[in-house]
Structure formats: C-alpha cells, structure tokens
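For reference, the structure is listed below as structure tokens.
The values are calculated or read from the model by the stated rules, or taken from the named source; none is laboratory data. Quick caveat: nothing in here was measured; it's all calculated off a predicted structure. Because the Cβ atoms are built from the backbone with ideal geometry, glycine has one as well, and the counts that use them run over all protein chains shown.
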C-alpha cells in the first residue's frame, strides 16, 4: 500500500491528504469489502445447506410413502422418482465438494452414481466396466445431464437384465471432435425390434437431450443395446 | 451383519428424516433407541440409554448444537457419534470425537452400507475393507480401525 503514498490529486476540497489518511481510508475500504465478501460466502453456504436439506427431505418423503403403498406399479413409480431425486442430490453433493462450484466433473459423478445404483440394485451378477476420461461441464447443465445418465443406467439395468440374467454394463466418457460422448452399452436382452420404446424415462431423456443440445443414438450391440449421447463441449457454455 | 445388534440413537430435528432413518437403522439389523430433536434431549437420552452409535445432525431444534452433542456423547456417554450433515466442510478437524460423517443429501443405499460397515468396525475393532462411498471417517478412527488409505473408492 506504500505505492499510493503520493498526495491525492483531487480530493474535492483542494487540500491534499496525508499518506496516513489515505492508508486509513484504504484499510477501512478493504475491511468493508472483506466483510461483504464474508457475508456473501456465508449466505452461499446457507443456501447450499438448505438445498441439500430440502433434497434430503424430498427423498425421505418418497421413501416413507414407498413404505406405505402395496401396489407394485405405484411402488415402481415411487422408486423411479426416488432415483431421479437421488441423481440431483448426487449433483449437489459433488458440486460443493469441489473447489470450483461453476464446473462439474462428469466422471466423478458417474462413479458415484454407478456405485449407488449398483449397490441398491443388489445385482452381483452384473459386472460394471468404466472407462472415464476427465470431462467437465458447466454446473448449470449438471442436473439435466445427471437425469439423463440416471435414466440410461437404470434402463440398462432394468430392461437389459431381467432377474436371473447376469452380464456386463459398460460406461464410457470421452472427448471427441469438439464434443464429448457418453456411451452406455450392455450385453443384456437387447432392443425389442417389434415395439417402439416408450415410457416416462425415455421422454425425460428426449426432452433433456433437446435442452442440452445433445444427440442420443441407440444401436443394437448384438448382444444387448448401446446408447451414445453426444454433447457439444463449446455449445455447452 | 456380524456380531450383536448395535443400539442406535438418532439426533435429528427434521421429523420425516428421523423416522425414515429409524426404518433404515432397523432394516440393517440395528436397534433404534429413539429420536432426539434438541441437544438437551439428545444428551439426556444418551446418558440414560448408552447408545453404541448416535447419528447426529449438526443443526438441531436449538441451533447448531450437534457438534457439542457429539463431543459429549463420545466423552461422557461412552458411545460413538456419526455426523449426518449437509455442512461437511464446517466440522471441526477432530470431528468433535465422532467417528466420521455421512454428507447430506445421502442415499438410502449409502446409509445402509455405512451402517453395516460401522457395525463391523465397532464390533470387530477393525475395518472390513475400504470406506464405502458416502461415508468419510475421522482420521483418528481410520487409524484405529487399521485404514491407511483414506480415499474412498470414488474420490
């Protein structure tokens, strides 16, 4: 702060202030700014805390109601919604864990999601293979992205491997020609060629891909199914 | 599950979370001693019931008093506390004597796995393997249970 010891050129009153005065002014200003920043940071923590607690509350509500209902179709719907809330919750846990709250680490997220989904599915007969490059997307895109990945993974698990049929699910993330690709492939029962796929999960994927300007492509992996979602890296900003 | 069922006290002021946690605790084979919503209630219950494990939220009905609750449970009641909070970064470095933390928002599976893992640690005196995703152990407990590698699988 010694660099500013020159007399002020224009104080509005014609009188030059002493270096001591100036230093005092700068010190006071710095203190005020530091305090303001601390307040903002505290506020951010408070909001983060509330978001996390509310997400926890939503999932507890779904879990509690799931305990009450007996209808299998209704139970499946509640489970589905719980999975979606969990995907968003995983995003929030990840976002504030990292130092950079504006970027979202896709691969770390996928590792968390896979561990949770596979664990709660309790299917030891399904092997998971991960091949994840480090890719980051803007935090604002994290939740829709997470919902897409959640649908694709649960879909592979549920439709690819009916009870009793084991196998393998591959999840890959890599950068390629200005976009990044998520590949989810399984060697399960594969696509049903006679029916057009439908359902709420698929609608979510379609709508959110549109939102993310992403392309999704499903192909026959023989055996099983492969779906590749490509997101523009630059258009993602 | 190995060994006897742990007695678990839930310290959480959000009733819906507390009740759902109680279900989970029972489902993994532990025994729930009940729920406390304030620090006073928590310490009273802990002194009376001597829980093996207390699941402690930091924000209780009387303010951010969970850290002190955890400290009292581990120093005065002979129990082990585990934090369950959305504010993992704000916990004191020594975890106030608690064995670790589950960050909110947690998943049902995350809590089940963590509880089974801690049951093993508390009854056998050492860890059955690497720390599961969603659970972070306090350095003192990681050492106590023979874990040199603290990084969870998904770090």
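Restricting to the stretch B:1-40, name every residue that is under 18 Å from residue B:71 (Cβ atoms), free of Cβ contacts under 8 Å to residues at least 40 places away in the same chain and either within 14 Å of chain A (Cβ to nearest Cβ) or in contact with a strand residue (DSSP E or B) (Cβ under 6 Å, 6 or more places away or on another chain) (or both).
B:36, B:38, B:39
Does residue B:26 fit the bill of being under 15 Å from the mean Cα position of the chain (by Cα), under 10 Å from residue B:8 (Cα atoms) and loosely packed, with under 14 Cβ neighbours inside 10 Å? Walk me through how you get there before you give the answer.
Values: under 15 Å from the mean Cα position of the chain (by Cα): yes; under 10 Å from residue B:8 (Cα atoms): yes; loosely packed, with under 14 Cβ neighbours inside 10 Å: yes.
Judged against the criteria, residue B:26 is a match.
Can you say whether residue A:101 is touching a residue at least 12 places away in the same chain (Cβ under 8 Å) and crowded, with 18+ Cβ neighbours inside 10 Å, as far as the supplied structure shows?
Details: touching a residue at least 12 places away in the same chain (Cβ under 8 Å): yes; crowded, with 18+ Cβ neighbours inside 10 Å: no.
No, not satisfied.
Against the definition (more than 30 Å from residue B:89 (Cβ to Cβ) and either away from chain B (no Cβ under 14 Å) or at pLDDT below 95 (or both)), how does residue A:174 come out, yes or no?
Values: more than 30 Å from residue B:89 (Cβ to Cβ): yes; either away from chain B (no Cβ under 14 Å) or at pLDDT below 95 (or both): yes.
Yes; evaluated as a whole, the condition is true for this residue.
Tell me which of these residue A:92 doesn't satisfy, since it passes every other one: (1) under 13 Å from the mean Cα position of the chain (by Cα); (2) modelled with pLDDT of 90 or more; (3) more than 8 Å from chain B (Cβ to nearest Cβ); (4) assigned to a helix (DSSP H, G or I).
(3)
Just to check your reading of the model, which residue among A:74, A:57, A:78 is away from chain B (no Cβ under 14 Å), surrounded by 12 or more Cβ atoms within 10 Å (Cβ to Cβ), part of a helix (DSSP H, G or I) and out of contact with any strand residue (DSSP E or B) (no Cβ under 6 Å at 6 or more places or on another chain)? Reasoning before the result, please.
On the way: A:57 fails: away from chain B (no Cβ under 14 Å); A:78 fails: away from chain B (no Cβ under 14 Å).
Exactly one residue qualifies, and that residue is A:74.
In the stretch A:189-221, how many residues are modelled with pLDDT under 90 and either part of a loop (DSSP other than H, G, I, E, B) or touching a helix residue (DSSP H, G or I) at 6+ places or on another chain (Cβ under 6 Å) (or both)?
Selection size over the stretch A:189-221: 13.
Let me confirm something: among A:140, A:156, which residue is at pLDDT below 95, more than 12 Å from chain B (Cβ to nearest Cβ), in contact with a strand residue (DSSP E or B) (Cβ under 7 Å, 6 or more places away or on another chain) and assigned to a helix (DSSP H, G or I)?
Values: A:140 fails: in contact with a strand residue (DSSP E or B) (Cβ under 7 Å, 6 or more places away or on another chain).
Of A:140, A:156, the one residue that is at pLDDT below 95, more than 12 Å from chain B (Cβ to nearest Cβ), in contact with a strand residue (DSSP E or B) (Cβ under 7 Å, 6 or more places away or on another chain) and assigned to a helix (DSSP H, G or I) is A:156.
Given the conditions (1) closer than 27 Å to residue B:13 by Cα; (2) at pLDDT 95 or above; (3) away from chain B (no Cβ under 14 Å), which single one is not true for residue A:31?
Here residue A:31 meets the rest and fails (1).
Would you point out the residue of the stretch B:98-130, among those that are away from every other protein chain (no Cβ under 14 Å), without any contact (Cβ under 8 Å) to a residue 60 or more places away in the chain and in contact with a strand residue (DSSP E or B) (Cβ under 7 Å, 6 or more places away or on another chain), that is nearest to residue A:79 (Cα to Cα)?
So, considering only residues that are away from every other protein chain (no Cβ under 14 Å), without any contact (Cβ under 8 Å) to a residue 60 or more places away in the chain and in contact with a strand residue (DSSP E or B) (Cβ under 7 Å, 6 or more places away or on another chain), the one nearest to residue A:79 (Cα to Cα) is B:100.
Among the residues of the stretch B:88-97, count how many are surrounded by fewer than 23 Cβ atoms within 10 Å (Cβ to Cβ), more than 12 Å from chain A (Cβ to nearest Cβ) and closer than 20 Å to residue A:93 by Cβ.
Here is the first cut: in the stretch B:88-97, the residues surrounded by fewer than 23 Cβ atoms within 10 Å (Cβ to Cβ) are B:88-94, B:96-97.
From what is left, the residues that are more than 12 Å from chain A (Cβ to nearest Cβ) are B:91-94, B:96-97.
Filter once more, so that each one left must be closer than 20 Å to residue A:93 by Cβ: B:91.
Of the residues in the stretch B:88-97, 1 are surrounded by fewer than 23 Cβ atoms within 10 Å (Cβ to Cβ), more than 12 Å from chain A (Cβ to nearest Cβ) and closer than 20 Å to residue A:93 by Cβ.
Among the residues of the stretch A:134-163, which ones are farther than 23 Å from residue A:203 by Cβ and out of contact with any helix residue (DSSP H, G or I) (no Cβ under 7 Å at 6 or more places or on another chain)? Show your work before the answer.
Taking the stretch A:134-163 and keeping what is farther than 23 Å from residue A:203 by Cβ, we get A:134-136, A:138-139, A:163.
Hits for the stretch A:134-163 are A:138, A:163.
Can you tell me which residues in the stretch A:98-113 are more than 11 Å from chain B (Cβ to nearest Cβ) and part of a helix (DSSP H, G or I)?
Of everything in the stretch A:98-113, just one residue is more than 11 Å from chain B (Cβ to nearest Cβ) and part of a helix (DSSP H, G or I), namely A:106.
Can you tell me which residues in the stretch A:137-193 are on the phi > 0 side of the Ramachandran plot and within 22 Å of the chain's Cα centre (by Cα)? Give the derivation first.
Pass one, the stretch A:137-193, residues on the phi > 0 side of the Ramachandran plot: A:164, A:167, A:177-178, A:190.
Within the stretch A:137-193, A:178 is the sole residue that qualifies.
May I ask you to list pairs of residues, at least six apart or on different chains, whose Cβ atoms are under 6 Å apart, with the first in the stretch A:180-196 being within 23 Å of residue A:213 (Cβ to Cβ) and the second being part of a loop (DSSP other than H, G, I, E, B) and at pLDDT 90 or above?
That search, which allows pairs on different chains as well, returns A:180/A:135.
Of (1) out of contact with any strand residue (DSSP E or B) (no Cβ under 7 Å at 6 or more places or on another chain); (2) modelled with pLDDT of 95 or more; (3) surrounded by fewer than 22 Cβ atoms within 10 Å (Cβ to Cβ), residue B:78 satisfies all except one. Which?
It is condition (2) that residue B:78 fails.
Being surrounded by 17 or more Cβ atoms within 10 Å (Cβ to Cβ), more than 23 Å from residue B:4 (Cα to Cα) and in contact (Cβ under 8 Å) with a residue 40 or more places away in the chain narrows it down to one residue among B:133, B:69; which is it? Lay out the reasoning, then the answer.
Values: B:133 fails: in contact (Cβ under 8 Å) with a residue 40 or more places away in the chain.
Just one listed residue meets the conditions, B:69.
For the stretch A:62-71, give me the residue count where each residue is within 9 Å of chain B (Cβ to nearest Cβ) and buried (at least 17 other Cβ atoms within 10 Å of the Cβ).
Initially, the stretch A:62-71 is screened for residues within 9 Å of chain B (Cβ to nearest Cβ), giving A:63-64, A:67.
Now narrow it down to the ones that are buried (at least 17 other Cβ atoms within 10 Å of the Cβ): A:63.
Final tally of qualifying residues: 1.
Looking only at the stretch A:157-167, which residues are closer than 14 Å to residue A:125 by Cβ and crowded, with 16+ Cβ neighbours inside 10 Å?
Result: A:157, A:160, A:161, A:167.
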